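The values are calculated or read from the model by the stated rules, or taken from the named source; none is laboratory data. Treat the numbers as computed from the prediction; the structure is a model and nothing was measured. Virtual Cβ from ideal backbone geometry, glycine too; neighbours counted across all protein chains shown.
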Amino acid sequence: MATLAEPAPLTARSDDRFFLIMALVMMAVVFTGFSVHLAMGRSTFARPLVIHAHAVVFMGWIVLYVLQNILVNRGSMALHRTLGWIGAVWIIAMIGLGTTVTVLMVQAGRVPFFFYPVSFLIFDPMTVLTFAGLSYTAIALRRRTDWHRRLHYCGMAMLMGPAISRLSPAPLLMPWAYEAAFLPALIFPAIGMIADLRRTGRIHPAWWWGIGVMIGSILLTNLITYSGVGEAIYHAVTVGTPGASIPPLAFPPPPGP
């Protein structure tokens, strides 16, 4: 999302169409992934209120991201900046709800069976925090439109993991289901690099920073997961809950027939 961006000269906005198209592609991936999950009976609307709030807030961000790119394409920069302030606050709600839902699922012992419980506990908040870091950096660089929109794009790509996971045969990818969900998200900034090469003959450095942060997030997630730190966090979160009886590095049993 091009949150809080200042008006840019025409030369800096020559790739507006690319970012709008890719925003629509990302929205399609997200909605397809979650719709397929619902259609196959793997999800249900009969869930606690906090789960619905989580869904509304995260799906709302996707819509806001697309809308902001539409506004940039139309030159509606005043409304774009106004919605940008909403987006800056929206991210805080995403961090809070994303972390809360993850913790509740781990405590209830309801982690998807193809993820290690401790991995799920670490990678979900880490993903949202990485997204937030890229997005807030983009906001800080809002006067540098070229950096601003590319870092926002990388932040958005970081959120593709859950949708990709729902479109993949995750049980068949064990024990690499996490990596199989999040590494394909790097395809999106890679497409941005190729688009830059075609338009300008060079790769903008923002892509390297964005991809570096995304890869660093994945590596840090695994480092924490398979260390004493991850185990300590897991036990601290699950103490006194059903999740405490589930080993942090053992796959939960698959659901029954």
Legend entry - Condition check for Arg202: among the basic types (Lys, Arg), more than 21 Å from Ile92 (Cβ to Cβ) and free of Cβ contacts under 8 Å to residues at least 24 places away in the same chain: yes
Legend entry - Close pairs from region 72-87: first touching a residue at least 40 places away in the same chain (Cβ under 8 Å) and more than 14 Å from Arg142 (Cα to Cα), partner in a helix (DSSP H, G or I) and not hydroxyl-bearing (Ser, Thr, Tyr), Cβ under 8 Å, at least 6 apart: Asn73/Asp16; Asn73/Arg17; Asn73/Leu20
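Counting just the residues of region 1-53 that are polar (S, T, N, Q) and either part of a helix (DSSP H, G or I) or over 18 Å from the mean Cα position of the chain (by Cα) (or both), which one comes out modelled with the lowest pLDDT?
Going through region 1-53, the residues polar (S, T, N, Q) turn out to be 3, 11, 14, 32, 35, 43-44.
Going one step further and asking which of them are either part of a helix (DSSP H, G or I) or over 18 Å from the mean Cα position of the chain (by Cα) (or both), we end up with 11, 14, 32, 35, 43-44.
Values: Thr11: 42, Ser14: 66, Thr32: 89, Ser35: 81, Ser43: 59, Thr44: 57.
Among residues in region 1-53 that are polar (S, T, N, Q) and either part of a helix (DSSP H, G or I) or over 18 Å from the mean Cα position of the chain (by Cα) (or both), the one modelled with the lowest pLDDT is Thr11.
Working carefully through the options Arg81, Arg149, Arg110, find the one that is more than 29 Å from Gly240 (Cβ to Cβ), surrounded by fewer than 21 Cβ atoms within 10 Å (Cβ to Cβ) and of a type in the set (D, E, K, R).
Details: Arg149 fails: surrounded by fewer than 21 Cβ atoms within 10 Å (Cβ to Cβ); Arg110 fails: more than 29 Å from Gly240 (Cβ to Cβ).
After ruling out the rest, the residue left standing is Arg81.
Among Ala177, Ala185, which is the only one that is free of Cβ contacts under 8 Å to residues at least 40 places away in the same chain, under 21 Å from the mean Cα position of the chain (by Cα) and crowded, with 16+ Cβ neighbours inside 10 Å?
On the way: Ala177 fails: free of Cβ contacts under 8 Å to residues at least 40 places away in the same chain.
Going through Ala177, Ala185 in turn, just one is free of Cβ contacts under 8 Å to residues at least 40 places away in the same chain, under 21 Å from the mean Cα position of the chain (by Cα) and crowded, with 16+ Cβ neighbours inside 10 Å: Ala185.
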Inset, instruction - Could you tell me which numbered condition Ser168 fails, if it satisfies all but one of (1) closer than 29 Å to Val89 by Cα; (2) hydroxyl-bearing (Ser, Thr, Tyr); (3) under 17 Å from the mean Cα position of the chain (by Cα)? - result: (1)
